[in-house]
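K.L.:
The structure is given below, and queries will be raised subsequently.
The values are calculated or read from the model by the stated rules, or taken from the named source; none is laboratory data. Treat the numbers as computed from the prediction; the structure is a model and nothing was measured. Quick reminder, even Gly has a Cβ in these numbers, built from the backbone with ideal geometry, and neighbours come from all protein chains shown.
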Amino acid sequence: MKFLLDNNLPPALARALNQLTKAQAEGYSVQPLKEKFPHDTADVEWISVLSDEGGWAIISQDRFTKGDIEKRAFRECGLPHFLFGQALGERILLEQSP
């Protein structure tokens, strides 16, 4: 399983988690979005590419509120995704989708 951390989470976190997973579990990796795609890649585009590749899970703090097309692409991509809320007490800390 490959995990992709969205741009709203620090790339250093992705690199640290990647080192930890390499030490603990074979076949897992964690990569920041900006190391896989150009910085101006639209969410719909990278979600589609990851869905086509398969084997990815997305970790994000984004609420994907830029538009209905983006929300639909994210819902329909079939990728597991973990969405962290913005603050404890204000939003759900973690949502998981299939």
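K.L.:
Can you name the number of the only condition in (1) surrounded by 17 or more Cβ atoms within 10 Å (Cβ to Cβ); (2) of a type in the set (A, V, I, L, M, F, W, C); (3) more than 14 Å from the chain's Cα centre (by Cα) that A16 fails?
P.N.:
(1)
K.L.:
Follow-up. Name, by its number, the condition in (1) at pLDDT 80 or above; (2) surrounded by fewer than 16 Cβ atoms within 10 Å (Cβ to Cβ); (3) more than 12 Å from the chain's Cα centre (by Cα) that does not hold for P80.
P.N.:
(3)
K.L.:
Pull up the range 62-76, narrow it to residues that are more than 20 Å from M1 (Cβ to Cβ) and not charged (D, E, K, R), then point me to the one that is surrounded by the fewest Cβ atoms within 10 Å (Cβ to Cβ).
P.N.:
T65
K.L.:
While we're on this one: Of all residues in the range 23-53, which are over 13 Å from the mean Cα position of the chain (by Cα) and exposed (fewer than 13 other Cβ atoms within 10 Å of the Cβ)?
P.N.:
A23, Q24, A25, E26, G27, P38, H39, D40, D52, E53 - these are the residues of the range 23-53 that are over 13 Å from the mean Cα position of the chain (by Cα) and exposed (fewer than 13 other Cβ atoms within 10 Å of the Cβ).
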